[in-house]
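Written below as structure tokens is the structure these notes are about.
The values are calculated or read from the model by the stated rules, or taken from the named source; none is laboratory data. For clarity, every value in this text was computed on a predicted model and none was experimentally measured. A quick note on method: Cβ atoms are made from the backbone with ideal geometry, for glycine too, and the neighbour counts reach across all protein chains shown.
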Amino acid sequence: MESLSSKLSFYDFLNILVTGFLWLNLFYEPIGNGVSWVYTSVISFLIGIIYHQLMECSIAKFIRNCPLIRKSAFQAVEKVLNEHPMPDSSEKSYLYAYYLVAKNNCLMNIPVLEAHIAFIRNIWIVLLFYLVALCSSCPLVDRLRGICASCDIVIVITVLLITLPFVWYKLQSKVSYLVWEGVYFIQKEITKESRV
């Protein structure tokens with residue numbers, strides 16, 4: 001069971017640090033106020049951990065095993081294999097499939113894809129707050145408007161806010177596809193071994 005142990009990957013660390021720094025930077029300018037990078041990094045990391053856990057307890061519960069994506073990936077694997085990867089595409093079957101894939105060390109690049117999904121989930125809300133702050137008359141973010149004097153940054157953030165949900169959908173679809181495909185082949189191997 002050592003392979004199922006949880007560890008902080010580089011992507012998770014980056015996700016937590018970047019989102020924490022962006023939240024800190026939205027309301028306070030740590031770099032310009034003589035605060036050292038060490039303190040800024042520690043504070044950003046702590047803010048990022050709290051924010052990441054809030055996202056895990058709220059939004060992640062709704063978007064992680066999205067029924068639409070799960071069923072669509074199930075049908076895509078079924079179409080390729082001309083066979084059901086599992087008896088049905090229910091959440092219970094998916095969780096069982098995911099567990100089997102993880103237990104047999106067949107996750108392939110799923111953890112990396114999931115880290116990308118978590119980053120998109122976390123950064124989307126931050127970008128939305130930045131967009132609102134830049135377009136509002138909030139005195140707290142006057143320094144942001146000074147840095148981003150042109151409307152280019154507003155356009156970039158808007159494009160990202162529109163594009164990132166599509167990227168999330170593609171990544172989540174890939175994860176679901178890999179889980180269904182992986183469990184199909186694992187079960188085939190288990191069946192072969194039991195016959196021998």
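A few remarks follow.
- Restricting attention to segment 77-92, the residues being buried (at least 16 other Cβ atoms within 10 Å of the Cβ) and not polar (S, T, N, Q) number 4.
- Any chance Y130 is surrounded by 13 or more Cβ atoms within 10 Å (Cβ to Cβ) and modelled with pLDDT of 90 or more: no
- Of all the residues in segment 36-80, those that are modelled with pLDDT under 90, hydrophobic (A, V, I, L, M, F, W, C) and part of a helix (DSSP H, G or I) number 7.
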